[in-house]
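Peer 1: Pasting in a structure now, in C-alpha cells, and then I'll have a few things to ask.
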Amino acid sequence: MAGAAHCSLQAKRLLLDPKFEGYKLSLEPLACYQLGLDAAVAEVQLRDDQYTLDHMRAFGMYNYLHLDSWYQDNVYFVDQFGRVMNLSVTLDTALQKPREVFRLPTDLTACDDRLCASMHFSSSTWVTLSDGTGRLYLIKSGKRGSSASEKWEIVFNEELGSPFIVAHSVSFVNSDAHSLAVLLLRVEKDELDTKGSGFHVTLEWVTIAERKEGDHGYEIIKRRVLQGKSVPHYAAIEPNGDGLMIVSHKPFTFMQSESDKIEENDDTKVTNEKKAVDPLYYWQQTEDDVTITVHLPQDITKDDIKIHFSLDNICVTLKDQPPLMEGKLYSSVDHESCTWIIREDKSLEISLIKKNEGSRWPELIVGDTRGEFIMDPSQCSEIAESLMHLTSEVMNPNPEKENPPCNAQELEECDAFLEDGASLCRFDGDTLKVTHIVNLGSNQYLFSVVVNPKEMPCFCLRHDVDALLWQPHSDQPENMWEHIATFNALGYVQASKQDKKFMACAPDYSYAALCECLRRVFIYRQPTPLATVLYNRKEGRQVGQVAKQLVATLEATDPILGFQATSERLFVLTTKTLFLIKVNSGN
C-alpha cells in the first residue's frame, strides 16, 4: 500500500438529520402480486467441501434475481432448465408470465462442481453471463425489456478455468475498439494456508476486445488476478475500464505472472535483502542503562575492537574494517561511565549509562534499523500493569475509579466488527497498484445499488446509527466518493434483524428495504410531511414529518432467493414464485 493516498469519506451535513425521531409502524396495506414460475429457479446448494464463511457469503447468500438498471422495472433469473427468464413490468394489474430470452447451451446438471449461473448487464445492449461451470458468455442483446428488438446473440464464449460467478462488468470503447471488462469471483483451495480456512479468494479481471481485422470477433486481450483472504463486499470496474474499486475486510493484491512482473528498483531490492538477514545487534534497556550485544566473527580478538563513546554518539570498529555501528544515539549518555566486555560465548557486550534516567528509548541509533530490541519480561509486566485501567476481567468493577475500564456491557452486538478493519481500495489498471485507500474502521458495509447505470454502483455504509449512500466518481480524484443520500437510523435498525438475508434501496432513495430468509420484508420510507396535525406528547410540540416502517409477509414457504428494489416496486424471488410489492405509485 506504499504510495497510496490515504483518504477519508466526507459526509454532507445537509444530508444528516440529528433530530430524526425513528420509524413509525404503518399498517397501510401494500399491494402484493405473485407470479408462479413454470420451472424452479436454478438454485445450487453448497457442497460438503464448500464449508467456509467465504463460500457462504459468495455462493450461499447469492442473489438469484438480477435487476437490469438500464431499463425500468426489468428483472431476470435463470431456471433449472438453463433458461434466462425475464419479467418486464409496465402495469401491475396486467402482469405477463416471465418469458424466455435465452437458453444456456450447456446442460447445467452435468457438471458436479458447478456454481450458480450469474449475469451482469454491461450496457443497454450487452450482457455478460456465466453458466457456473467455468464458461463465460458475452451476449449482444439488442434493446432489452419488452422491446421487440431484444434478441440475445452469443458473440464470445470461452472456458476460463475453474467455476466462477460474474461479479461486475462494463462496456467501453478503447482505441476505437469496443471492449468489455469482466470481474470473475472464485473461492479456491489454498494448499499453502495451513493455519487459516485452507481457501483464498480470487478476482480475475478479464478484458475482451473486438478484433479490428477479419471477422471482427471478440478475443481476450488481458487477464489479471487479484488474491485476498475474504470475499469482497463490493467489487466494481470503473466505467472506462481504467481501474477497480474493492471494499473488503482483508486486503487484495495483484498476483503478477512472470511475463508481467514489474521490475523492482535497486533500492527496494537492497531493502528486501537487508530485511532477510539476521539483526546486526540486539539491545535491551532499563530505566538507567542500555545493553548492546553483538555476535563477533571467530577470528576477532580484544585488540581488534575499537569503540569510541561520546555524549550522544557511538562508533564500533572491528580490525581495520568500516565501522560496524556508528551514529547518533537516541538520547545522551554518560560516556565516561560506558564500558564493554567480551563474553564467554564470543559476543561483544556494550553497556551505556543513560544521562536522563527513567526515559525509554524507542530506538538505539537514530535511523538504524539493523538492530532488534528485546524486551525484558519484567518490563512487559510493568507495561501491562500501566494499561490495566483500560481493560478488566470484571465488568466495570469500580465505576467511580479515576480511570474506569472500558465496559463491554455498553457495547451492543451490532457494534462489534471483525478484527481486520474493512478498507475501500482503488486499484490502477496499468500499474496494478493501490492509488487510494480508505480505512472504513467500524463503518459496516450494508449493500450496493445502481443509481445511474452509466456510473459505478453505489455502496451503503453504516455511520453511527445511520446508513449513508456513497457514489464513486473515478474521474474525480479530489471527490472520488460522494455522499448522496442518508437512510436515517437504518444502520441501527438493520442490526436488530438477525435473520436478514438481503438489503436494497430505491434508486431515487425514497425507501430502503430488507428481507429475511423466509417470508418477511421490511420497508423503511424516507420522512414525509404530515397531512394531519401530530403532537409529541413528551415534549409537547408539533411533529412536522414522519418516517414510516411497513412490513409485508409473503404467502410462501420456500426460502427467498432474490431481492431487488426499483423506485416503484420490490421484486422478491423464491424457488417457485416471483412476488411484486408496490411500494410507491408512479408519477
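Peer 1: Share of region 281-369's accessible area from carbon and sulfur, percent, 1.4 Å?
Peer 2: About 46 percent, which is the carbon plus sulfur part of the accessible surface.
Peer 1: Can you spot the lysines whose alpha carbon is less than 21 Å from Lys355's alpha carbon? Ignore those fewer than 8 places along the same chain.
Peer 2: Cross-link targets: Lys328.
Peer 1: How would you order 218-228, 241-251 from highest to lowest mean count of nearby Cβ atoms within 10 Å?
Peer 2: 241-251, 218-228
Peer 1: Would you mind checking the tilt of helix 266-276 against the longest principal axis of the Cα atoms of the chain, expressed as 0 to 90 degrees and rounded to 10?
Peer 2: Rounded to the nearest ten degrees, it is 70.
Peer 1: Here's something else I'd like to know. Per-residue counts of other Cβ atoms within 10 Å, averaged by peptide: what ranking do you get for 545-558, 22-35, highest first?
Peer 2: 545-558, 22-35
Peer 1: A further question follows. Please give the residues of region 176-200, grouped as numeric ranges, whose backbone N is less than 19 Å from a label point set 7 Å along the Cα-to-Cβ vector of Ile221.
Peer 2: It comes to 176-184, nothing else.
Peer 1: A further question follows. Can you tell me the accessible area per residue over the chain, all protein chains present, probe 1.4 angstrom, in square angstrom?
Peer 2: Accessible area per residue, the chain: 53 Å².
Peer 1: Taking the chain as the reference, fit the longest principal axis to its C-alpha atoms, fit the long axis of helix 377-386 to the helix C-alpha atoms, and give the angle between the two in degrees, 0 to 90, nearest 10.
Peer 2: 50 degrees
Peer 1: Provide the packing ranking of 168-177, 314-323, 575-584, 459-468, i.e. peptides ordered by the mean count of other C-beta atoms within 10 Å per residue, highest first.
Peer 2: Ranked by mean Cβ neighbours within 10 Å, highest first: 459-468, 575-584, 168-177, 314-323.
Peer 1: State the percentage of accessible surface on region 1-129 attributable to carbon and sulfur atoms; use a 1.4 Å probe and exclude ligands, DNA and RNA.
Peer 2: C and S atoms contribute 52 percent here.
Peer 1: Lys140: which aspartates and glutamates have alpha carbons under 20 Å from its alpha carbon, excluding same-chain residues fewer than 8 sequence positions away?
Peer 2: Answer for Lys140, where 20 Å is the Cα cut-off: Asp68, Glu100, Asp131, Glu150, Glu153, Glu158, Glu159, Asp176, Glu210, Glu213, Asp215, Glu219, listed by chain and number.
The values are calculated or read from the model by the stated rules, or taken from the named source; none is laboratory data. If you're wondering where the values come from, they're calculated on a predicted model, not measured in any experiment. Because the Cβ atoms are built from the backbone with ideal geometry, glycine has one as well, and the counts that use them run over all protein chains shown. Side chains are part of the model used for accessible areas, which takes the heavy atoms of the whole protein and leaves out ligands, DNA and RNA. Shrake-Rupley method; radii C 1.70, N 1.55, O 1.52, S 1.80 Å.
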